[in-house]
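Written below as structure tokens is the structure these notes are about.
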Amino acid sequence: MRSGQACNREHLAGAFYGYLQEIVWNNGFFGQRLADADVAHTAGARSGHTGLREVLASPDVDFLSSPYSYGFRGVGGEGGFMAPEESVRLAGKLWISEEDMRTHLWPQHSYYGQTHNAHETAEVLKRQLANILTHNAGAWWCDWGKREGGAYADPEVMHVFRRAMEVGQHQFALPDRSSVAEIAVVFDAESPLYRSTANNWDIPNWRNRAWGIARIGAPVDVLLLSDLLEGRARDYKLYYFKDAFHLSASERETLKALLRRDGKAALWLYAPGFVEDDLDVAHCEDLMGLALRMTERQWGVSIYVSNFDHPLTRALPASTFWGTDMRLGPLFTVDDTHATTLGTAVISQGRCEPGYVLREYPTWASLYMCAPNPPPMVLREIARYVGVHLYSESEDVLYADRYHVALHTVRAGAKRVYLPYRADVWEVYSGRFVGRNCTAFEDVVEAGGTHLYYYGPGPRP
């Protein structure tokens with residue numbers, strides 16, 4: 001019997017499902033107290049999570065959930081959702097985050113980014129609440145870490161919860177809670193079925209969310225590739241394709257029609273479109289409008305910026321590089337005389353070939369990187385180049401919606417925030433007035449601190 005029939009549709013029914021941003025799991029990921037636990041293989045192809053498109057289409061599923069990301073939960077980290085949350089919203093479902101935070105009241109050495117004192121717990125809790133608020137998600141907080149009193153039983157922490165309840169009630173009254181993201185980060189649910197089970201791609205690609213994407217300085221929407229192909233997603237200025245390795249000829253044509261217009265830009269990683277009925281680098285060129293060279297070797301791949309005369313790279317430090325020491329194979333570099341080389345790849349035998357390039361067409365642009373995990377400053381300059389509004393350039397974790405912008409810091413200092421329109425600004429958690437009738441403001445934030453700013457209509461929360 002279906003869930004809706006079982007409860008006569010009088011209750012919500014959901015599942016822990018759709019962990020496509022976190023599918024690096026194996027026994028070694030959680031330790032399992034086994035010194036020889038498998039750390040070499042990803043769970044992507046055997047996780048059962050590749051059917052997310054079908055689950056989202058089901059009328060018997062009202063919500064999806066997961067613990068929040070295990071990648072970087074601690075102070076200074078990102079703590080985002082495991083699923084492509086914008087696809088959940090597009091399907092008319094609710095995302096509910098399981099906030100199983102290891103607070104300072106948990107037993108010592110509980111790991112998973114455990115906080116060390118009440119103040120750290122409060123600031124990380126503020127970060128999590130800001131993420132949930134700006135994504136219009138739901139959440140529950142797991143209180144199982146301390147047998148007596150609970151894992152949040154501290155006056156400073158409970159004050160944050162009380163304030164969050166007030167802010168949440170205010171959010172319901174706002175006139176438009178749709179996303180303002182101009183960047184789409186795109187995942188293919190079925191990509192793990194078409195590549196090796198070696199954990200060589202998933203780990204660096206997964207790390208990029210906390211170490212790169214969350215620190216661009218602009219919000220992003222995380223989407224399923226199928227939402228683009230089937231016309232459910234709105235338009236964006238920049239599309240960041242994380243693993244679009246398998247596409248049919250008709251799907252390539254659909255993507256090309258979507259992307260090659262209106263000044264859009266696409267950022268591709270490693271081997272986009274390489275897998276159809278066969279494996280052919282010509283599929284990549286057809287999709288991206290960029291010609292690649294394939295080398296049938298396995299090796300680590302690194303990219304360093306080698307051209308500082310272009311607007312995309314002019315502001316970057318000379319030490320800018322990224323990639324992975326994990327062996328990828330085959331290897332891809334760029335062989336296109338019409339492309340502008342921005343960065344050089346170092347691959348097997350120390351070979352240096354174009355690895356980060358831009359090719360511009362009259363109505364669109366294509367960017368390609370042969371290695372994963374680009375740092376935030378590289379992603380930020382791409383976003384700036386294609387006209388994305390940047391709220392911040394301090395490389396702090398940032399969340400934003402139409403009326404809020406939140407920063408969670410590693411480094412203390414005066415943080416400058418740029419608003420998309422002129423407004424009065426308050427810091428929400430403290431109720432402190434920050435700026436009047438401004439399009440930009442500065443505020444001092446401590447290391448490991450979280451500030452949530454409101455600049456919306458009507459009375460402040």
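Computed from the coordinates by the stated procedures, all read-outs in this text should not be read as laboratory data. These numbers were taken from a predicted model, which means no experiment stands behind them. Positions of Cβ are backbone-derived with ideal geometry, glycine not excepted, and every protein chain shown enters the neighbour counts.
Take the Cα of residue 8, step 7 Å toward its Cβ, do the same at residue 261, and the gap between the two points is 4.9 nm.
Using every pair of separate Cα atoms, the Kirkwood estimate puts the hydrodynamic radius of the stretch 3-172 at 17.6 angstrom.
Near residue 242, the amide H atoms lying under 5 Å from its own belong to 186; only residues 5 or more places off or on other chains count, and H is placed 1.01 Å from N. Taking amide H as placed 1.01 Å from N in the peptide plane, residue 78 has its amide H under 5 Å from the amide H of 72, each at least 5 places away in sequence or on another chain. For residue 156, the shell of other residues with beta-carbons less than 13 Å away shows a net charge of 0, using +1 for Lys and Arg and -1 for Asp and Glu. Phi-derived couplings, Karplus 6.51 cos²θ - 1.76 cosθ + 1.60 at θ = phi - 60°, listed residue by residue for the stretch 101-111: 5, 8, 7, 5, 8, 5, x, 4, 6, 8, 6 Hz, with x used for Gly and Pro. Quick one: Cα centre-to-centre distance for the stretch 112-128 and the stretch 154-220, in angstrom? Between the Cα centre of the stretch 112-128 and that of the stretch 154-220, the gap is 18 Å. Only DSSP H runs of four or more residues enter the estimate; each adds -39500 (n - 2.57), and after division by the residues of the chain the mean residue ellipticity at 222 nm equals -6000 deg cm²/dmol. Computed from phi, the 3J(HN,Hα) profile of the stretch 13-23 under the Karplus parametrisation 6.51, -1.76, 1.60 (θ = phi - 60°) reads 10, x, 8, 7, 6, x, 7, 6, 8, 9, 8 Hz, with x in place of Gly and Pro.
Taking amide hydrogens as placed 1.01 Å from N in the peptide plane, the amide H of residue 300 sits under 5 Å from those of 328, each at least 5 positions away in sequence or on another chain.
The shape of the stretch 87-142 can be summarised by an equivalent ellipsoid whose semi-axes, obtained from the alpha carbon gyration tensor, come to 26, 12, 7 Å from longest to shortest. Over all pairs of different C-alpha atoms, the stretch 86-226 has a mean inverse distance whose reciprocal, the Kirkwood radius, equals 17.6 Å. Counting charges near residue 192 (Lys, Arg +1; Asp, Glu -1) among other residues having Cβ under 10 Å from its Cβ returns a value of -2.
Tell me the net charge near residue 424. Cut-off is 11 Å between Cβ atoms, residue 424 excluded, with +1 for each Lys or Arg and -1 for each Asp or Glu.
That works out to +3.
With a Förster radius of 56 Å applied to the C-beta separation of residue 360 and residue 437, the computed FRET efficiency comes to 0.90. Note on residue 352 and residue 143: their simple-model spin labels are 6.0 nm apart, each label 7 Å out from Cα toward Cβ.
Computed from phi, the 3J(HN,Hα) profile of the stretch 429-443 under the Karplus parametrisation 6.51, -1.76, 1.60 (θ = phi - 60°) reads 5, 9, x, 8, 6, 10, x, 10, 6, 10, 9, 8, 8, 10, 8 Hz, with x in place of Gly and Pro. Compute the whole-percent fraction of alpha carbon pairs in the stretch 382-433 spaced more than 12 Å apart. Result for the distance tail: 70 percent.
Scaling against 2.2 N^0.38 Å puts the C-alpha radius of gyration of the stretch 238-385 at 0.98.
Given charges of +1 on the Cβ of Lys and Arg and -1 on the Cβ of Asp and Glu, with all other atoms neutral, how large is the dipole of the stretch 363-461 about its Cα centre, in debye to the nearest 20?
220
Size estimate for the chain follows the Kirkwood approach: the inverse of mean 1/r over distinct Cα pairs works out to 23.1 Å. Quick one: if the Förster radius is 22 Å, what FRET efficiency do residue 278 and residue 253 give, using the C-beta to C-beta distance and rounding to 0.05? My answer for the efficiency is 0.80.
Centre-to-centre separation between the Cα atoms of the stretch 240-284 and those of the stretch 383-461: 35 Å.
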